[in-house]
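The structure appears right after this line, and notes come after that.
The values are calculated or read from the model by the stated rules, or taken from the named source; none is laboratory data. Note that the structure is a prediction, hence the values are computed from the model and not measured. Neighbour counts run over all protein chains shown; Cβ positions are idealised from the backbone, glycine included.
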Amino acid sequence: MPYRFNFDLSKVSKHFFKEIARVAGEKDVHKKLGKRAIELADKLKIEQATGLNVTDAIVLLEDMVDIQVRNLSHKERFQKAGKKVLLLPHCARKYMDSRCKARFDKSIPSYVCAHCSEECLINYATKLAEKKGYDVCVIPGGSCVENILKNNRYDGVLGVACTEELRLGGVFLEKVGVAGQALPLLKNGCANTKFNLKSLNALM
């Protein structure tokens with residue numbers, strides 16, 4: 001389920017993400033997250049940087065911290081996992097029309113990247129993941145995850161999506177006992193979404 005608001009963190013300073021990681025590492029962060037999110041929103045001037053109102057900014061920050069906490073708690077298990085899959089959002093493709101030559105395979109269900117554009121984030125991420133031995137699925141939504149896991153026995157899942165989708169996905173992975181890591185989108189929406197390739201590589 002996507003947010004009801006759009007955001008773009010692609011031009012926010014690196015300090016923002018370092019602060020998210022620092023807060024996530026604090027003891028009992030979940031017990032004081034609401035207050036810390038308000039402090040972070042003010043300290044990092046997230047409203048000015050993103051154009052979000054304070055309520056939406058706090059929702060986004062709370063989800064980002066929650067994802068970072070989850071990543072930290074599952075990191076070691078994920079690194080030791082055998083068969084892994086990278087789940088990418090189809091909205092990050094360079095083109096969302098016939099210029100994209102990706103083929104949708106209903107049996108997976110996933111788009112299969114055709115590497116048709118050198119400027120496409122999905123192309124770069126797919127090549128990077130396959131070199132590291134990952135299967136790659138380019139999916140139209142979080143509802144595909146359950147089917148993908150039913151059809152394959154993955155020990156680890158690395159997902160790229162908006163923070164709300166990742167939070168819900170993390171709950172599902174814990175329920176089915178699969179180790180997960182998550183990379184939030186820097187820019188959400190229905191097309192031209194963005195994520196950081198260096199951060200993706202670091203999670204692998």
Which fully enclosed helices (runs of 4 or more DSSP H) of segment 44-159 have 2 or more residues being over 20 Å from the mean Cα position of the chain (by Cα) and closer than 19 Å to LYS187 by Cα?
-> 46-50, 54-80
Of the residues that sit in segment 123-145 and are surrounded by fewer than 14 Cβ atoms within 10 Å (Cβ to Cβ) and under 20 Å from ARG167 (Cα atoms), which one is modelled with the highest pLDDT?
-> PRO140
For GLY159, are the conditions met, namely being at positive phi and surrounded by 15 or more Cβ atoms within 10 Å (Cβ to Cβ)?
-> no
For segment 84-110, name all the residues that are under 19 Å from ARG153 (Cα atoms) and surrounded by 13 or more Cβ atoms within 10 Å (Cβ to Cβ).
-> LYS84, VAL85, LEU86, LEU87, LEU88, ILE108, PRO109, SER110
Just for segment 134-182: of the residues that are among the hydroxyl-bearing types (Ser, Thr, Tyr) and in contact (Cβ under 8 Å) with a residue 60 or more places away in the chain, which one is nearest to LEU60 (Cα to Cα)?
-> THR163
Given LEU173, LEU185, LEU200, LEU166, which one is crowded, with 16+ Cβ neighbours inside 10 Å and in contact with a Phe, Trp or Tyr (Cβ under 7 Å, 6 or more places away or on another chain)?
-> LEU185
Taking segment 120-153 only, how many residues are aromatic (Phe, Trp, Tyr) and closer than 26 Å to TYR3 by Cβ?
-> 1
Is it the case that some residue within segment 183-199 is at pLDDT 95 or above and β-branched (Val, Ile, Thr)?
-> no
